[in-house]
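What follows is a short report on a single structure.
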Amino acid sequence: MTVLRILSLFLGYRGICATINLQEDGILRFVTFGDSGTEGDAQSMTGSVLSSIVSTRPTAFVAMVGDNFYPCGISSVSDRAVQSAFSDVFGNIPIPFHPVLGDNDYGDAGVVGNISAQLDLSNVLQNWVMPSFFYSRIESTPSVRLCTIYIDTQSLISIPDVDSRTPAELGVLETQMEWLKTTLASPECQSSNFIVVFGHHPIKSTGKKHMKGKSGPLIENLTPLFEMHRIDAYFSGHDHDLQAIAPIHDCSAAAETEAADSPSPQTEFPHCISYIVSGASSRLRRSPKEAPIPGYHTWAVRDVIGFTLTEVFSPHEMVTSFISSATGETIHTHRIRSHLALRETR
């Protein structure tokens, strides 16, 4: 793949896709899972429980947070993995699947994945909707508006087996970051009740892969941006487990501080982003230990195949449930308050 081809693909879709309205019961629901590309019983369990949920609770979409095909992506839209790792398992679920790329989608062990083929699947598979490597959508019901942003975290870290230069040297890092800044600041997003970002690599995690320190570029580039624009949640995979991570402090509390250059007190509000890891839909990787994250509550389970179902019940709050693929039961719930609702309480 040439550098020119990479840049042309990463220029991608620069607008916000059309609004999707889901009005059946007034609850906007979406499913998130990553690392789903391992074929086998675990993946089949996830597909079966997901199908059951969608048939009984109207669901707007599925966010696939990368490593869609193991071990090294796909070679073309005709690759056997498209059928065995997606169509056979999820092909009959009649809602859109919105994927992002993971590191294995780019390739592994010297085999380069054809990442443009995953875009082309949008023209082949009825429920695969991936307009670009990074893109955004507005989802809504009559009472709730959700800004969803899908990013390619691998291109913010490295582009393996494609070019020896860094993403910054290729111009890919700057291209995506400028798009992300514009999208987050847009009236469409800032007026939404919730802003949710999906990417493959975690920004915060207690898992084994994250502990190796490869998320440094993400923390450096994304965290200030997410805090500035007050996103509500970041969903990721990569670590093959289930996690919910949120600040310890009371997000509705504000502290008044004296600004050096102002005669009156200024109010400072804490940042309250929830970090959800959902990378256990088809395989597990148990970490040898769990590293605490100072200043954050953490919940994690490492021996359960599963995924998350998020339900936006009101303009003020959404709830993420962690679902076991073996039983279909909820094993944990995590509440996320809207950044707009928090502003109103202040």
Practice prompt. Taking the options 277, 312, name whichever one is at pLDDT 75 or above, farther than 23 Å from residue 102 by Cα and of a type in the set (A, V, I, L, M, F, W, C).
Written response: 312
Worksheet item: In region 140-154, how many are closer than 15 Å to residue 183 by Cα and part of a loop (DSSP other than H, G, I, E, B)?
Response: 2
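Matching residues to (1) out of contact with any Phe, Trp or Tyr (no Cβ under 9 Å at 6 or more places or on another chain); (2) at pLDDT 95 or above; (3) part of a helix (DSSP H, G or I):
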{"site": "72", "(1), (2), (3)": "no, no, no"}
{"site": "77", "(1), (2), (3)": "yes, yes, no"}
{"site": "88", "(1), (2), (3)": "yes, yes, yes"}
{"site": "95", "(1), (2), (3)": "no, yes, no"}
{"site": "99", "(1), (2), (3)": "no, yes, no"}
{"site": "121", "(1), (2), (3)": "no, yes, yes"}
{"site": "125", "(1), (2), (3)": "no, yes, no"}
{"site": "130", "(1), (2), (3)": "no, yes, no"}
{"site": "133", "(1), (2), (3)": "no, no, no"}
Worksheet, complete the sentence: All-but-one check, residue 183 against (1) surrounded by 19 or more Cβ atoms within 10 Å (Cβ to Cβ); (2) in a helix (DSSP H, G or I); (3) at pLDDT below 95; (4) among the β-branched types (Val, Ile, Thr), failing number (3)
Fill in: The one condition in (1) at pLDDT 95 or above; (2) crowded, with 24+ Cβ neighbours inside 10 Å that residue 37 fails to fulfil
(1)
Item to complete: Could you check how many residues of region 227-250 are touching a Gly at 6+ places or on another chain (Cβ under 9 Å), part of a loop (DSSP other than H, G, I, E, B) and at negative phi?
Response: 6
Worksheet, complete the sentence: Of the residues in region 101-117, those that are among the small types (Gly, Ala, Ser) and either assigned to a loop (DSSP other than H, G, I, E, B) or closer than 26 Å to residue 50 by Cα (or both) come to 102, 109, 110, 113, 117
Worksheet, complete the sentence: Of (1) at pLDDT below 95; (2) part of a loop (DSSP other than H, G, I, E, B), residue 169 satisfies every one except (2)
Worksheet item: Are there any pairs, at least 6 apart or on different chains, whose C-beta atoms fall under 7 Å, with the first in region 29-46 and within 30 Å of residue 144 (Cα to Cα) and touching a residue at least 12 places away in the same chain (Cβ under 8 Å) and the second aromatic (Phe, Trp, Tyr) and surrounded by fewer than 24 Cβ atoms within 10 Å (Cβ to Cβ), and if so, which?
Response: 30/61
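The values are calculated or read from the model by the stated rules, or taken from the named source; none is laboratory data. No experiment lies behind these values; they were computed from the predicted model shown. Positions of Cβ are backbone-derived with ideal geometry, glycine not excepted, and every protein chain shown enters the neighbour counts.
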